[in-house]
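K.L.:
Dropping a structure here in C-alpha cells format, bear with me for questions.
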Amino acid sequence: MTDVEKRLEGYQRLIAIARDLASTLDLDVLLNRIIHAATDISEAEAASILLYDDAARQLNFQVATNLDLQTMRGLIVPLDGSIAGWIVTNRKPVRIANAHQDIRFYQKVEQVTRFTTESMLGIPLITKDKIVGVLEVINKHEGMFTEADEDLLLVLGAQAAVAIENTRLFQQSDLIAEFVHELRTPLASIGTATYLLLRPEMAWEQREQMIHNIHGETLRLNTLASTFLDLARLESGRVQFHLTKFDLSPLLEECVQVMQSRAAEEQITLTVEVPAGFPPVEADRDKLKQVVLNLVSNAIKYNCPKGSVSISAAPEGEFWILSVCDTGLGIPEKSLPHLFEKFYRVSAYEGKAPGTGLGLSICKQIVSGHGGSIEVKSRPGEGTTFTVHLPKGV
Ligand code: ADP
C-alpha cells in the first residue's frame, strides 16, 4: 500500500470513529473507544489518556489499554519533568523514537506499571482553547511513528477533546438538575415558615416551632450541599486516590469510636471482627474510612433499639471483603435495585432518620474507584448486610 493509500484508509477509519464517538455520553465508554481507536489508527502497542487537573496542576491517568483501573488510580503525572506535562504546557505534539533517551521522560510510571516505553507519540487534547488532557500512543508495531500518524492522531484528538467536554457538561447538567430538584423541598418549607412568621396572629410557641424548622432545614441544606459536592467530584473522575498499605483493625476501631455515642443512644452494640494475622490492605485510607462510616451510620440509623451492628473482614481469593451486618429494619425487595442511585431513599424510612440519599452512591464510587464492588443482601424485618469486595493489592 502506498503512503497516500495508507493515509486515505486512515481518514476513512477516522470518519467511522467520529460517528462512533458521537453516540455515547458515558465518559468511561467514550475514553475507552478513543484509546482503542488511537492504537488502531497508529498501529501502536498501547494508548492512554491523561486528564488535566488545572487546580492541582497535574495529570491523572484516566484510561489505558495496558493498565487496570487500580494501577491507574494511583498514578499522578506532574506537569514538570514529564513528557505529558511538556505537551500540556507547550500545547504541541511530541514524537520520539526512544522515550528513555528523552530527559523529560517520567520514570515513575514505568516503575509502577512495569510496561516499557520505547517509541511514543503524544498530542494535546484541546477544545475551545482549553486543554483537557493528553492522548499518548506507545510502541509502534513496526518502525517509528511518522508524521502521517501524528496528523491522524491530531484529527482524532480534536474530535476526542470535544466529545470529552460534551460528556462532562452533560454529566454536570444532569447532576445539577437532580440537585436543584432536591433543593425544592427544604426551600419550600423554609419559604412557608418565613411566610407564617410574618403573620401577626402567630403565637410565640408556633413561632418557636417555625424557627426550629428553618434551622433544621438549613442544616439539611448544608449537609446536602457538601455531600453533593463530594459525589460530583468523585463522578467527574478528577478525584485522585492515594493508595497506601495499612492495617485494617485500627481503621475499623476508629470508625467504631466515631459512631459509639450514636449507637449508645439506641442501645445498639457495635462489634469488629478481623481474623488474626490479616495482612495489611492497600487502599486510600481516608476514602475507605468514609465508606465504612457511611455503612455503619446507616446500620445504626435504620436499626431497631437494642439491635447490633457487626463489622468484619475476610480474605477471598484475589480480593478481601468487608461486611457491615445489622439487625435492623431490612430493605423491601423492590427497593434493592435502586439503593445505589443518587438521592434514593426508602420512602417508608424517611421519617425515621435524616439523610440525603447520597451516602451509598458515594460508597459505590469510592469502591469502584479501587477496582472493587459493593453488594447488599437484606430481609425486611430481620436486617441488612452490605459487602464490599476490594482487590488485595496493585
Ligand atoms: P441516606 O442519607 O438516606 O441514609 P444512603 O444513600 O446512605 O442515604 O442510603 C439510601 C437509602 O437506603 C436510605 O435512605 C435507606 O432507606 C436505605 N438503607 C441504607 N442502609 C440501610 C440499612 N442498613 N438498613 C435499611 N435501610 C438502609
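The values are calculated or read from the model by the stated rules, or taken from the named source; none is laboratory data. Here the structure is a predicted model, which is why all the values come from computation and not from measurement. Quick reminder, even Gly has a Cβ in these numbers, built from the backbone with ideal geometry, and neighbours come from all protein chains shown. Surface areas here come from the heavy atoms of the whole protein model, side chains and all, with no ligands, DNA or RNA. Shrake-Rupley method; radii C 1.70, N 1.55, O 1.52, S 1.80 Å.
K.L.:
Determine whether V346 is more than 7 Å from the ligand (Cβ to nearest atom) and either crowded, with 20+ Cβ neighbours inside 10 Å or over 30 Å from D68 (Cβ atoms) (or both).
P.N.:
For V346, the condition - more than 7 Å from the ligand (Cβ to nearest atom) and either crowded, with 20+ Cβ neighbours inside 10 Å or over 30 Å from D68 (Cβ atoms) (or both) - is not met.
K.L.:
Still on this structure: Can you work out which of the residues in the range 328-337 that are open to solvent by less than 10 Å² (accessible area, probe 1.4 Å) and part of a loop (DSSP other than H, G, I, E, B) is farthest from I268 (Cα to Cα)?
P.N.:
It comes out as G330.
K.L.:
State whether one or more residues within the range 348-358 are among the basic types (K, R) and in contact with a Ser or Thr (Cβ under 8 Å, 6 or more places away or on another chain).
P.N.:
No, because not a single residue in the range 348-358 is among the basic types (K, R) and in contact with a Ser or Thr (Cβ under 8 Å, 6 or more places away or on another chain).
K.L.:
For the range 270-327, give me each residue that is at positive phi and either outside any loop (DSSP other than H, G, I, E, B) or at pLDDT 95 or above (or both).
P.N.:
Within the range 270-327, just K306 meets the criteria.
K.L.:
How about the range 375-389: which of its residues are farther than 15 Å from S312 by Cβ and among the hydrophobic types (A, V, I, L, M, F, W, C)?
P.N.:
V376
K.L.:
Sticking with this structure for a sec: L154 versus (1) more than 20 Å from A18 (Cβ to Cβ); (2) open to solvent by 60 Å² or more (accessible area, probe 1.4 Å); (3) not basic (K, R): which is the lone unmet condition?
P.N.:
Looking at each condition in turn, L154 falls short on (1).
K.L.:
Also, quick follow-up: Conditions first: (1) in contact (Cβ under 8 Å) with a residue 24 or more places away in the chain; (2) open to solvent by 50 Å² or more (accessible area, probe 1.4 Å). K377 passes all but one, so which condition is the exception?
P.N.:
(1)
K.L.:
Sticking with this one: Applying the selection to the range 226-266, what residues are over 26 Å from V112 (Cβ atoms) and open to solvent by less than 40 Å² (accessible area, probe 1.4 Å)?
P.N.:
The answer is T227, F228, L231, A232, L252, C255, V256, M259, A263.
K.L.:
Further question: Name the single residue that is farthest from Q257 (Cα to Cα) among those in the range 304-326 being within 10 Å of the ligand (Cβ to nearest atom) and free of Cβ contacts under 8 Å to residues at least 60 places away in the same chain.
P.N.:
Step by step, filter the range 304-326, then rank; the result is D326.
K.L.:
Scan the range 362-376 and tell me whether some residue there is within 13 Å of the ligand (Cβ to nearest atom) and more than 18 Å from the chain's Cα centre (by Cα).
P.N.:
Scanning the range 362-376, I find at least one residue that is within 13 Å of the ligand (Cβ to nearest atom) and more than 18 Å from the chain's Cα centre (by Cα), so the answer is yes.
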